[in-house]
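First the structure, in the form of structure tokens, and then the observations on it.
Every read-out reported here was derived from the displayed coordinates using simple, explicitly stated rules and does not represent laboratory data. Because the structure is predicted, anything quoted here is derived from the model rather than measured. Neighbour counts are summed over all protein chains in view; Cβ atoms, including those assigned to glycine, are modelled from backbone coordinates with ideal geometry.
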Amino acid sequence: MTRSKQLPYPRAILFDLDGTLADTAPDLAAAANKLRTARGLAPAPYAKLRPFASAGARGLIGAAFGLKPGDEEYESLRIGFLENYESALVVDSRLFDGVTTMLETIRELGLLWGIVTNKASRFTDPLVPLIGLQRAGCVISGDTTAHSKPHPAPLLEAARRIGVAPGDCWYVGDDLRDIQAGQAAGMPTVAAAWGYCGDAGPASWNADAVASAPLELLEMISKSRT
């Protein structure tokens, strides 16, 4: 366990999707590199693209082309990226090691779990069952509410749907926006250091806890009962 303060015992645990439960970076990177090869460019190294997978189209286009929203060509690249990704959602994507055991144990403990992602529902809805997460108590996508993370609205909607007060939910994610959203929603937060984590990493995010592997979350739950 990388770092953890004493957390209150949860009634539910909410998870980010990309980089937290599911290692979707291979297929996201492939969608970006398909754009490059269509333009006669060599594929970008996977190691360069992987850290930005949690940031979706914005992150992958930035890493693959050095462009940001508002730049010329960005919007056409964004549309092309999403089309590429939608056509090949689960080719090399998989759950992170330990996630299945972690979720089964959470359920055995009588706790609820759900998913809160910024991924749009056109991708989330088919991906969740394909990758083996269909037992989630709720699935909140980036377009489920009027706001996406780091706004707290998606997390508050998840808590409402599973019938648990926000303060009794933990939120686990691998991006600064996840921690900011959890804090804004009044939830204890856990940074998933096994995920993509962007450039800086979770050390500066001020999460309540940091875990280096999915099964360490079970240790945190056990510790919170004492």
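Odds and ends about this structure:
- Over region 25-86, Cα pairs under 8 Å with separation of 6+ residues give a relative contact order of 38 percent.
- When the helices of the chain are scored as -39500 (n - 2.57) per DSSP H run of n ≥ 4 and the total is divided over every residue, the value at 222 nm lands at -12000 deg cm²/dmol.
- Note on region 1-121: semi-axes of the ellipsoid equivalent to its C-alpha gyration tensor, largest first and rounded to whole Å, are 33, 14, 13.
- Take the Cα of residue 199, go 7 Å toward its beta carbon, and the backbone nitrogen atoms of region 56-79 under 16 Å from that spot belong to 56, 58-69.
- Shape index of region 64-195: Rg/Rh, with Rg the Cα radius of gyration and Rh the Kirkwood radius from the inverse mean 1/r over Cα pairs, equals 0.99.
- Modelled spin-label separation between residue 72 and residue 225, with each label point placed 7 Å from Cα along the Cα-to-Cβ direction: 6.2 nm.
- Cross-link pairs 34/68; 119/149; 5/119; 5/48; 68/149; 48/149 - those with Cα-Cα distance over 21 Å: 5/119; 5/48; 48/149
- Cα centroid separation, region 1-61 to region 109-161: 16 Å.
- Gyration tensor (alpha-carbon) shape descriptor, region 25-86, a/c threshold 1.5: rounded
- The alpha carbon gyration tensor of region 134-226 gives principal lengths a ≥ b ≥ c with a/c of 1.5 or higher and a/b no greater than b/c, which makes the shape oblate.
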